[in-house]
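The values are calculated or read from the model by the stated rules, or taken from the named source; none is laboratory data. The structure displayed is predicted, hence computed values, not measured ones. Note that we place each Cβ from the backbone using ideal geometry, even for glycine, and neighbour counts take in every protein chain shown. Protein only, heavy atoms only, side chains kept; ligands, DNA and RNA dropped before computing areas. Shrake-Rupley method; radii C 1.70, N 1.55, O 1.52, S 1.80 Å.
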Amino acid sequence: MEENVKTKPTLICIPDISGFTEFMSKTEINLSSQVISSLLNQVIYSNKIDLKVSEIEGDAILFYRTGPLPSFKELINQCRLFYTEFYGELAKLQKKFKDDKEVDHIPDILGLKIILHYGVEVSSVPIGKNIKLMGEDIILAHRLLKNKVPYEEYILISEHLLNEYKDATVERNFGWGTLYDKDTSYKHIGEINYSYINLEPLVP
């Protein structure tokens with residue numbers, strides 16, 4: 001008899017490199033593979049809130065965390081660190097590959113967006129040495145990468161996650177950016193509400 005798959009409430013975080021497909025198509029494979037792997041590694045190394053890696057999906061990292069949520073401020077600061085470390089690594093890569101004519105594509109094409117979602121019932125299935133996350137909320141988190149946010153680089157926070165925080169702890173103005181509300185309708189899912197913050201002011 002098969003055991004029932006156990007589910008846990010789970011914080012889902014997906015830093016996604018925008019411009020990935022264009023960059024890969026315009027750049028020689030040796031350079032592009034080094035650049036993308038360095039950027040993804042830098043994002044992983046800058047994790048300070050005990051997020052775990054479930055998968056690396058080419059241009060994105062699927063982080064998760066079970067148990068108590070970090071404070072809202074800690075979560076936003078972590079996303080801010082992902083972004084600034086990403087651009088710090090971009091600057092280093094430009095210097096490292098300065099003699100390669102294709103290096104000029106790096107800052108013009110690549111960027112970072114971050115999806116934050118909270119799933120009440122997410123299952124963790126061990127496959128080899130990795131943990132595969134499954135459930136409707138994993139599908140929804142990936143769907144949220146396609147949205148109506150009017151910026152290229154941002155943090156998107158689903159209403160499901162915001163509802164887990166008390167109103168008093170959710171700041172909407174961070175000095176460098178303001179939290180705005182939006183919604184998008186998805187096929188087979190319906191209308192999903194979310195909030196977003198433009199990350200672009202963080203990097204001159």
Fill in the blank from the handout: Note on the chain: contact order normalised by length, alpha-carbon pairs under 8 Å, 6 or more apart, percent, works out to 25 percent
Problem - segment 1-78: relative contact order as a whole-number percent, Cα under 8 Å and 6+ apart - result: 42 percent
Practice task
Counting only GluC sites (Glu not before Pro) that are in a DSSP loop and have at most 11 other C-beta atoms within 10 Å, tell me the longest site-free stretch of the chain.
Solution key: 29-204
Completion exercise
Rounded to the nearest 10 Å², the accessible area of Ile115 using a 1.4 Å probe with every protein chain kept is 0 Å²
Practice task
Return the calculated 222 nm mean residue ellipticity for the chain, to the nearest 500 deg cm²/dmol, obtained by summing -39500 (n - 2.57) across DSSP H runs with n ≥ 4 and dividing by the residue count.
Solution key: -10000 deg cm²/dmol
Practice task
Enumerate the aspartates and glutamates that Lys166 could reach by cross-link, defined here as Cα to Cα under 16 Å, with residues fewer than 8 away along the same chain left out.
Solution key: Glu74
Practice task
Could you look at segment 1-100 and say what percent of its accessible area is carbon and sulfur, using a 1.4 Å probe and all protein chains?
Solution key: 50 percent
Handout entry: DSSP-defined beta bridges in the chain - what % are antiparallel, rounded to 5
Key = 95 percent
Problem - Folded to 0 to 90 degrees: helix 29-45 orientation relative to the chain principal axis, Cα - result: 50 degrees
Exercise for the section: Keeping all protein chains in place, calculate the accessible area per residue for segment 48-109 (probe 1.4 angstrom), answer in Å². Expected result: 54 Å²
Fill in the blank from the handout: Taking Cα atoms, the helix 72-96 axis meets the longest principal axis of the chain at an angle in degrees (rounded to 10) of 20 degrees
Completion exercise
Everything considered on the Cα gyration tensor (a ≥ b ≥ c; rounded for a/c under 1.5, else prolate if a/b is larger than b/c, else oblate), segment 1-104 must be described as oblate
Completion exercise
Cα-Cα longer than 28 Å, checked against Lys98/Lys148; Lys26/Lys95; Lys48/Lys187; Lys73/Lys98, kept in input order, equals Lys98/Lys148; Lys48/Lys187; Lys73/Lys98
Handout entry: For segment 105-154, convex hull volume per residue from C-alpha positions, Å³
Key = 112 Å³
Completion exercise
If one builds a Gaussian network model of the chain from Cα atoms under 10 Å apart, the most fluctuating residue listed among Asn147, Asn77, Asn163 is Asn163
